[in-house]
1. Using a Gaussian network model of the chain with C-alpha springs under 10 Å, which one of ALA33, ALA49, ALA77 is most mobile by mean-square fluctuation?
2. Given H placed 1.01 Å from N in the peptide plane, which residues other than close sequence neighbours of LEU52 have an amide H under 5 Å from its amide H?
3. How large is the helix-only mean residue ellipticity at 222 nm for the chain, computed as the sum of -39500 (n - 2.57) over DSSP H runs with n ≥ 4, divided by its residue count, in deg cm²/dmol to the nearest 500?
4. If you rank SER21, SER70 by how much accessible surface each has, with a 1.4 Å probe, what is the order from largest down?
5. Kindly state, to the nearest 0.05, the FRET efficiency for ALA67 paired with ALA35, given R0 = 35 Å and r defined as their beta-carbon distance.
6. At 1.4 Å probe size, put MET86, MET24 in order of accessible surface, largest to smallest.
7. When mean projected area of the Cα convex hull in nm² is calculated directly from the model, which label among (i) 9.9; (ii) 9.5; (iii) 7.3 fits?
8. What's the longest uninterrupted piece of the chain once you rule out the GluC sites (Glu not before Pro) that are loop residues per DSSP with at most 13 other Cβ within 10 Å?
Amino acid sequence: MKSDLEDEVLFKPEPILRFTSLLMVRDAALAGAGAALLPKLLVAGDIEAGRLVCWGTHAGRSVEIWALQSSRRLVGAKVRAFLDVMERAFPTKGFYS
């Protein structure tokens, strides 16, 4: 019987470029600079269009997204729009507003 560990490949990357923006990292990967570790939300369209290829996922810590607002006011339009995008992007996750 084949174990799940046999399908895992360990990469030890050697950084060749460093950017302060994930959009710049994405653009460099699209230009052929090499592989990049990027959020799926940022590259899903490029993967679907075949411009980028997903080699797997990072088994690191989870990421939390918080939207804070004053409890005395209704949810602002920008906050509501952001939460709607997050709910559509991750339909299986539990989002609460």
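The values are calculated or read from the model by the stated rules, or taken from the named source; none is laboratory data. From a predicted model like this one, the values you see are computed outputs, not experimental measurements. In this analysis, Cβ positions are derived from the backbone assuming ideal geometry, glycine residues included, and neighbour counts consider all displayed protein chains. Just so you know, the surface numbers come from the protein's heavy atoms only, side chains and all, with ligands and any DNA or RNA stripped out. Shrake-Rupley method; radii C 1.70, N 1.55, O 1.52, S 1.80 Å.
1. ALA77
2. ILE47
3. About -9500 deg cm²/dmol.
4. Output order, biggest surface exposure first: SER70, SER21.
5. The calculated FRET efficiency here is 0.65.
6. Details: MET86 10, MET24 85 Å².
Most to least solvent-accessible, the answer reads MET24, MET86.
7. Checked against the structure: label (ii).
8. On the way: sites that count: GLU8, GLU64.
Here the longest run is 9-63.
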